[in-house]
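Peer 1: One structure is given below, represented as structure tokens, and several questions about it will come after.
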Amino acid sequence: MSTPAATDADLAARLRLAVTRLARRLRQQAQGEVSPSQLSALSSVERLGPLTLGELSAVERVQPPTMTRIVASLEALGFVDRIVDTDDRRVARVQITSEGRRFLGRSRSRKNAYLAARLQTLPAHDRETLARAAVVLERLLEEEP
């Protein structure tokens with residue numbers, strides 16, 4: 001009989017691998033014009049509102065020079081704008097454009113459609129199990145420090 005720690009470690013390894021593979025498949029559904037880092041940064045700007053480059057770097061856990069390159073490429077695509085702070089002209093904030101919002105909407109729709117099609121290949125009881133697992137995964141992620 002296995003110990004609870006071994007069972008938890010085995011479950012953690014299986015979940016990590018499954019989530020990693022699922023994330024890779026979903027990334028493959030994205031349009032090729034943006035990298036995963038660009039897509040993540042764009043999503044953060046949409047979710048958190050206008051951010052300074054430093055704030056966005058912290059959220060995305062990348063170095064400021066890396067974020068400067070990411071934002072420059074998103075600007076070139078028309079997905080974000082930099083706005084100068086009216087109180088301190090040395091500070092610029094990054095905000096999403098309407099084109100950036102449309103791009104994210106299309107990207108999410110494609111990924112959702114891909115996953116929905118894959119789910120339809122499963123029997124109803126497996127889909128019900130996944131629905132319960134989604135609630136547990138959401139709760140697991142909410143408790144992250």
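The values are calculated or read from the model by the stated rules, or taken from the named source; none is laboratory data. Being a predicted model, the structure only gives us computed values, none of them experimental. Cβ atoms come from the backbone with ideal geometry, glycine included; neighbour counts cover every protein chain shown.
Peer 1: Six or more apart or on different chains, Cβ atoms under 9 Å: show the pairs whose first residue is in region 102-119 and within 13 Å of Leu42 (Cα to Cα) and in the same structural domain as Leu39 (by TED's automatic domain parsing) and whose second is among the aliphatic types (A, V, I, L, M) and not in a helix (DSSP H, G or I).
Peer 2: Phe103/Val34; Phe103/Leu77; Leu104/Ile96; Ser107/Ala30; Ser107/Val34
Peer 1: Could you check, for region 5-12, whether at least one of its residues is over 13 Å from the mean Cα position of the chain (by Cα) and under 24 Å from Leu119 (Cα atoms)?
Peer 2: yes
Peer 1: Which residue pairs have Cβ atoms closer than 8 Å, lie 6 or more positions apart in sequence or on different chains, and pair a first residue in region 51-68 that is in contact (Cβ under 8 Å) with a residue 24 or more places away in the chain and under 13 Å from Val94 (Cα atoms) with a second residue that is among the small types (Gly, Ala, Ser) and outside any loop (DSSP other than H, G, I, E, B)?
Peer 2: Leu51/Ser44; Thr52/Ala92; Leu53/Ala92; Leu56/Ala41; Leu56/Ser44; Met67/Ala41; Met67/Ser57
Peer 1: Quick one: in region 95-145, of everything that is of a type outside the set (A, V, I, L, M) and not in a helix (DSSP H, G or I), which residue is surrounded by the most Cβ atoms within 10 Å (Cβ to Cβ)? It would help to see each step written out before you state the result.
Peer 2: The first filter runs over region 95-145 and keeps only residues of a type outside the set (A, V, I, L, M), leaving 95, 97-103, 105-112, 114, 118, 120-121, 123, 125-129, 132, 138-139, 142-145.
Next cut, not in a helix (DSSP H, G or I) only: 95, 97, 121, 123, 143-145.
On the way: Gln95: 15, Thr97: 17, Thr121: 8, Pro123: 8, Glu143: 6, Glu144: 5, Pro145: 2.
Once the filter is applied, the top-ranked residue is Thr97.
Peer 1: So which of Ala58, Ala13, Ala18 ends up being more than 27 Å from Arg110 (Cβ to Cβ), in a helix (DSSP H, G or I) and not assigned by TED's automatic domain parsing to the domain that holds Asn112? Let's see the steps before the verdict.
Peer 2: Values: Ala58 fails: not assigned by TED's automatic domain parsing to the domain that holds Asn112; Ala18 fails: more than 27 Å from Arg110 (Cβ to Cβ).
Only one candidate qualifies: Ala13.
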